[in-house]
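Since the structure comes first, as structure tokens, the remarks are kept for the end.
The values are calculated or read from the model by the stated rules, or taken from the named source; none is laboratory data. Everything numeric here is computed off the predicted structure, so don't read it as measured data. Reconstructed Cβ throughout: ideal geometry from the backbone, glycine too, with neighbour counts over all protein chains shown.
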Amino acid sequence: MRGTGGRLPLAGAALLLMAGCATSEEWTTWKENPAHFASGDHFKFSMKNAPGSSPRVSREDLEAARAQNWWGRPITVRQEELLER
Amino acid sequence: MSARLLTAALALSLMIVGSALAAPSEDRILPVDQYTSQKARTLAQKYAPALRALNAGIYHCLPWLDVPKQSIGFFRPKHLAQPQDYRYLSLRIYIEQETSPQFAALGLKERASAMFSRYVGAMLRRMTERAELVTEPLLDGFSVILGWVKPTSQPGERPVHETIAVFADRPTIADYIAGRASIRDLAGRAVVLGYDGETPLGRLKIQAWEDNFLKTFQIANYKPEPGVTCR
């Protein structure tokens, strides 16, 4: 009667919890390697520079990339909820 | 002679057009006439050049950050007691970054701590470049609002942002800027409100640490406009 039936859901729940949280190793990685997610591929855009020239990314290139990657107005807290004029 | 003048005028106009194209939009700053109190209008008029410099600095030197419209100004935090007209110099930014499994694996509070550590101190230093702001008697505090895409958002779908709104009174910021308080102390003394999309999560307890990412990171091959110096 005291088989694993009762323990399995608990183990499953524990696994789900673990999957949803960072391990201490991941947390340490984030702290010690602060550039890990913000690579030079921050923005996906094509280089328009001529072959042989040193590539140059301008502010306008980044604006264009931002517009291309725009998925629509985000769901976020409205400023009026936080601040008054 | 007239041809020379024409050439010079053309060159000058091209320079003006070029610099205009590269300039940040001033609509990121709340216009003076939009404030509801004289105290705020006084601050906005007095520190207009400082707000423009803050806007321009982020635009040119931290181009992966987006400042939404009317997100820089002397606002009144809603969570503070009314009807006192507390005025905080506030900056809201949205952080664009690539998806990262490591970042996604963190819990929301840990992501909030990571973003706080990376951006709040650096933004406060930019916001207080005009040192007079730290001792300005009309100013009650500072707030930095950070947003980023929730890791579960999918490309092609309307993104959900996670947001933290950080509020600290002026003495706290003065201590931090002067080096009398660490970023950890700042996190302990500040009010940090969290949001999952539009859903308020209440006050978050932040664990902060020193993060020098902004001092070292550059977008590959990115060159600020000529004449712009980034520190």
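Some observations on this one:
- In the range B:187-230, the residues that are over 18 Å from B:VAL120 (Cβ atoms) and either more than 11 Å from chain A (Cβ to nearest Cβ) or assigned to a helix (DSSP H, G or I) (or both): B:GLY202, B:GLY227, B:THR229, B:CYS230
- Criterion violated by B:ALA81 - all others in (1) in a loop (DSSP other than H, G, I, E, B); (2) small (Gly, Ala, Ser); (3) under 16 Å from B:ALA122 (Cα atoms) satisfied: (3)
- Checking B:GLU129, B:GLU162, B:GLU136 one by one, the residue that is charged (D, E, K, R) and closer than 28 Å to A:SER58 by Cβ is B:GLU129 and no other.
- The set of residues in the range B:125-174 that are in a loop (DSSP other than H, G, I, E, B) and within 14 Å of chain A (Cβ to nearest Cβ) comprises B:ASP140, B:LYS150, B:PRO151, B:THR152, B:SER153, B:GLN154, B:PRO155, B:GLY156, B:GLU157, B:ARG158, B:PRO159.
- Test: residue in the range B:175-182 that is closer than 30 Å to A:SER58 by Cβ and outside any strand (DSSP E or B): no
- For the range B:84-105, the count of residues that are modelled with pLDDT under 95, away from chain A (no Cβ under 11 Å) and not in a helix (DSSP H, G or I) is at least one.
- Selection status of B:ALA40, buried (at least 18 other Cβ atoms within 10 Å of the Cβ), at pLDDT 95 or above and among the small types (Gly, Ala, Ser): yes
- Against the criterion of being surrounded by fewer than 16 Cβ atoms within 10 Å (Cβ to Cβ) and either over 20 Å from B:ILE219 (Cα atoms) or modelled with pLDDT of 95 or more (or both), B:GLN70 does not qualify.
- Taking the criterion of being in contact with a helix residue (DSSP H, G or I) (Cβ under 9 Å, 6 or more places away or on another chain) and surrounded by 19 or more Cβ atoms within 10 Å (Cβ to Cβ), the residues of the range B:148-166 that qualify are B:TRP148, B:LYS150, B:GLU162, B:THR163, B:ILE164, B:ALA165, B:VAL166.
- Contact map, the range B:141-159: residues that are closer than 12 Å to B:ALA104 by Cα paired with residues that are assigned to a loop (DSSP other than H, G, I, E, B), Cβ distance under 6 Å, separation 6+ or inter-chain. Pairs shown: B:VAL149/B:PRO159; B:SER153/B:PRO159.
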